[in-house]
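All of the numbers you see were taken from the coordinates with simple rules; none came from a lab. As the structure is a prediction and not an experimental result, all values here were calculated from the model.
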Amino acid sequence: MARIIILLVIAISGIIGSYVYLTEEKRHSLEIINPIDVNPEMVDSLMQRKGYGHKIGNFEFKNQYGKTISLSDLKHKIFVVEYFFTTCGTICPKMNIQMKRVQNAFLKNQNVNILSFTVNPEIDTIEQMKMYADAHGAISGKWHFLTGDKVKLYDLARKSFFVLKPAEAQNLGDVGSDFIHTNNFVLVDKQLRIRGYYDGTSTKEVNNLIVDINQLINE
């Protein structure tokens with residue numbers, strides 16, 4: 001009788017353990033995001049119905065040191081992306097305070113990078129980006145502030161990261177009237193797939209981003 005009770009306890013414990021494990025796995029599962037999953041305003045019109053297989057497209061821009069950074073430099077790496085501009089006095093300073101937290105959380109991991117693309121390359125030259133990067137404690141090789149051709153920057157945002165929407169002729173000062181950038185950080189995995197969007201002004205959401213990066217590291 002005692003043996004039966006012991007076996008029942010072991011069986012029940014196993015069931016409970018399996019349930020907890022599966023629940024945790026489900027709760028922390030990161031979806032793979034495709035254009036169809038994103039607000040259509042953010043997506044190039046030719047891609048809005050694409051429901052599978054989306055990956056970040058190739059690019060080449062200069063970072064704050066004048067070094068060309070392309071997708072090949074991020075091979076087999078996890079990276080976090082934002083679009084911003086250095087003269088922004090509203091959400092961008094908040095976003096980059098939070099982005100510094102991401103940098104500091106993965107200082108010793110060479111396989112996690114940060115990419116900050118400008119929406120205003122006319123003002124955000126290499127020299128301007130270097131001053132801004134230094135002011136925010138960006139570490140060389142870890143956090144890249146990227147500038148270059150405006151059309152290519154916007155094209156990448158609309159076809160790869162989905163973080164710019166048409167401004168509908170609003171006057172945006174230095175940025176011009178082409179696009180409005182969001183406050184979203186974009187998490188990209190080692191296979192160049194989007195795995196999450198996070199409010200870059202929110203400490204709580206950036207905490208979630210850090211947890212999710214750790215999960216991707218262990219995938």
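Observations on the structure shown:
- In this structure the amide hydrogen of Phe179, modeled in the peptide plane, comes within under 5 Å of the amide hydrogens of Ala167, none closer than 5 places in sequence on its chain.
- Long-range HN-HN contacts of Gly200 with modeled amide H, under 5 Å: Asn184, Phe185
- Cα convex hull, the stretch 95-219: 110 Å³ per residue, rounded to a whole number.
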